[in-house]
1. So if I check each of C:51, C:84, which one is over 21 Å from residue D:177 (Cβ atoms) and in a loop (DSSP other than H, G, I, E, B)?
2. Of all residues in the stretch D:145-159, how many are crowded, with 16+ Cβ neighbours inside 10 Å and either free of Cβ contacts under 8 Å to residues at least 40 places away in the same chain or out of contact with any helix residue (DSSP H, G or I) (no Cβ under 9 Å at 6 or more places or on another chain) (or both)?
3. Identify all residues within the stretch C:38-47 that are near DNA strand F (Cβ under 7 Å from one of its atoms) and either assigned by TED's automatic domain parsing to the domain that holds residue C:106 or loosely packed, with under 13 Cβ neighbours inside 10 Å (or both); write none if there are none.
4. So residue C:99 ticks every box in (1) within 17 Å of the chain's Cα centre (by Cα); (2) farther than 24 Å from residue C:29 by Cα but one. Which box is left unticked?
5. Can you name the number of the only condition in (1) free of Cβ contacts under 8 Å to residues at least 24 places away in the same chain; (2) crowded, with 17+ Cβ neighbours inside 10 Å; (3) under 15 Å from residue A:94 (Cβ atoms) that residue A:138 fails?
6. In the stretch A:54-73, how many are part of a loop (DSSP other than H, G, I, E, B) and either within 16 Å of DNA strand F (Cβ to nearest atom) or within 14 Å of another protein chain (Cβ to nearest Cβ) (or both)?
7. Tell me which helices (runs of 4 or more DSSP H) are completely within the stretch D:91-202 and hold 2 or more residues being at the interface with chain C (Cβ under 9 Å from one of its Cβ atoms) and closer than 20 Å to residue C:119 by Cα, or say none if there are none.
8. What number goes with the only condition from (1) at pLDDT 95 or above; (2) within 18 Å of residue B:99 (Cα to Cα) that residue B:136 does not pass?
DNA sequence: GGGTAAGCGAGACGGTACGTCGTGTCTTCGC
DNA sequence: GCGAAGACACGACGTACCGTCTCGCTTACCC
């Protein structure tokens with residue numbers, strides 16, 4: 001009877017936490033973002049507002065945590081990129097998949113909400129980079145490093161820059177709705193990136 | 001003699017319009033965006049709320065119009081890029097200047113507000129592309145076409161793609177505060193772009 | 001040589017005046033009083049707001065004028081009470097008719113609006129007494145004086161008081177919706193009044 | 001221990017209720033009625049507007065409740081009329097006191113506001129009759145019944161009618177500002193009423 | 001019969017208050 | 001004894017009218 005108090009509390013807390021985050025997620029996925037209020041989340045979660053404010057300081061933080069929770073549980077393995085030895089086709093596979101993801105309306109709304117919050121809150125942006133962006137970027141950079149070793153990529157290339165050149169155009173086009181995110185477009189980005197950072201020319 | 005129709009009437013309307021947009025602009029530049037309320041704009045402009053709602057349907061629209069008005073009056077000339085004949089140095093000049101602009105806190109806030117609105121409103125995004133982005137992009141593409149003719153750029157390059165590869169990384173790094181926007185970074189983007197889309201190799 | 005200034009102007013003015021008052025009257029008669037706004041009157045009259053404000057200082061004044069205009073044109077004759085020589089039956093006739101008038105919803109609304117305004121505006125109340133109440137009261141007092149001469153009423157009775165005792169209960173019961181205004185009730189008031197102010201007892 | 005149901009909850013609610021009604025009362029007593037806005041009441045009470053709208057549907061209802069609250073707590077005793085055995089002098093005492101009350105500017109404003117509301121809202125009028133007018137009328141009728149038993153009043157008289165004949169003239173004169181409410185006027189109303197409804201003649 | 005000025009309809013304007021909604025805090029009650 | 005439920009002070013929302021202020025247009029008078 002070491003601690004009768006602890007375990008149930010934690011379990012209870014954890015449970016309401018999950019309910020709230022899941023409610024936030026579903027609201028963000030299905031509605032315009034300005035309808036996603038703390039009151040709406042509390043109502044959907046069947047929870048008092050105070051239970052939300054006890055844990056997070058603002059709507060932004062809840063929504064951020066909700067999105068963050070999505071990618072948690074995913075271990076290093078699961079975010080690893082394919083490595084067939086052929087960088088170009090591996091990247092095209094990944095870029096096409098990424099482009100396709102953006103087409104899902106729920107994912108689109110979720111990501112726009114996330115971007116809205118981090119664009120206007122430096123602290124959240126830092127947390128985003130640390131907890132969400134970095135792990136993904138590291139996985140991608142691992143694949144690039146493998147390509148460098150295989151002589152398929154300039155060994156002096158700044159991998160962060162490579163990632164930006166590869167992904168940022170897709171991101172920007174999506175954010176500003178600047179055009180369709182077709183497989184051809186995904187391929188073109190990979191081609192351009194490989195021309196820019198491919199093996200040093202003779 | 002310009003137009004017989006309602007000269008003083010128009011002048012009156014135009015004046016209040018300018019006062020409102022200017023008030024919106026100054027508020028956006030100096031405060032957190034969620035303090036930029038319609039009431040605050042009306043108060044700063046010395047105007048009734050209804051006078052704002054008569055013209056624009058929402059805060060988003062006012063703010064957007066305020067930013068838009070900044071770039072109006074600028075004719076084709078004024079947005080033309082330098083053309084010394086040396087594409088690389090011309091682009092580096094422009095990219096460094098762009099990177100520097102983002103460092104201005106007022107401009108930063110203005111642009112974040114703008115991006116927040118257009119990310120969440122497809123109609124506004126379309127207007128943004130049409131009225132703000134396109135004219136600038138056309139000016140840039142004019143410079144690139146000139147480079148193509150001079151044999152400094154692949155004649156088959158998709159110029160929209162070139163622009164995205166050049167600018168999107170800068171934009172993304174700024175939006176997500178992913179790192180400092182140094183001159184070296186600006187140069188690196190130009191270098192990468194030119195490697196990707198430079199003259200066709202032999 | 002009526003007046004050198006704008007003979008037809010007056011006609012124009014007079015016409016719009018009538019249109020406004022009639023619009024006010026019809027609005028008051030058909031809607032809840034708080035929907036009778038100056039804008040609504042102007043719209044119904046097909047008139048600019050300024051045309052109303054040029055003539056009257058407030059909604060109260062317009063409504064008051066509208067009601068007042070109803071009773072204008074009525075000469076002394078037309079408001080004279082019947083005089084058959086039998087005071088009791090003459091008064092009962094009049095009181096029953098008055099009670100019946102209150103039952104008309106349009107008249108009811110009109111009179112409630114009027115009472116609302118004069119209860120809250122001493123100047124309007126004075127004008128009401130002078131222009132609306134007094135002429136009617138004088139007509140009634142004329143009938144009472146005739147009754148005094150005929151020995152049907154105490155020659156020393158204060159006729160203003162007599163009128164109040166006769167009418168005020170009806171007015172109050174109507175204003176506070178204190179009960180039905182039946183013919184029997186009208187008769188009872190006449191009976192009570194005649195008992196109070198009938199011919200002096202021996 | 002008085003009642004198990006919501007003791008502290010009720011106390012909190014009750015407190016804000018009292019603060020609001022008291023603020024409403026003081027505003028009505030000291031200002032023109034159209035300055036008595038819901039916002040003004042909320043501000044004076046140090047309360048959010050919503051707290052008012054949670055309890056009452058409109059300004060009318062608040063003001064009415066404020067006036068109503070004045071007379072609550074008054075038990076049957078406290079509204080009983082004097083009964084010295086002499087109806088005439090008892091009534092004159094009461095009527096003179098009533099006339100005097102109307103002279104107090106605060107009371108005047110309060111009562112005009114109340115009458116404005118009940119004249120334009122049948123539901124409020126019904127509540128007024130039930131909660132305010134009736135208890136007072138019952139107290140008065142009790143005195144009249146005592147007079148009937150003492151042979152000072154016609155035993156067949158309709159007491160509601162007696163009250164109207166007695167009070168309505170005073171009320172009307174006050175509402176329309178038809179003249180001064182002097183003690184002599186109060187006496188004259190009592191005299192007239194007693195002549196109308198005094199003991200049956202031989 | 002053409003010029004002119006007063007009066008008009010229309011409605012924008014700076015304001016005030018409306019009644020509603022969401023915020024973040026605080027209190028109460030029920031499980 | 002914690003948490004749902006929701007009241008609370010606050011502040012912005014978007015709307016309705018207020019009373020004032022142009023704006024052209026109409027109209028009816030004057031020469």
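1. None of the other options fit; the residue is C:84.
2. 2
3. C:39
4. Residue C:99 satisfies all of (1) within 17 Å of the chain's Cα centre (by Cα); (2) farther than 24 Å from residue C:29 by Cα except (2).
5. (2)
6. So the count comes out to 5.
7. Where helices (runs of 4 or more DSSP H) fall fully within the stretch D:91-202 and carry at least 2 residues being at the interface with chain C (Cβ under 9 Å from one of its Cβ atoms) and closer than 20 Å to residue C:119 by Cα, they are D:105-119, D:122-127, D:159-175.
8. (1)
The values are calculated or read from the model by the stated rules, or taken from the named source; none is laboratory data. Since this is a predicted model, take the numbers as computed values, not measurements. Backbone-built Cβ (ideal geometry, glycine too); neighbour counts: all protein chains shown.
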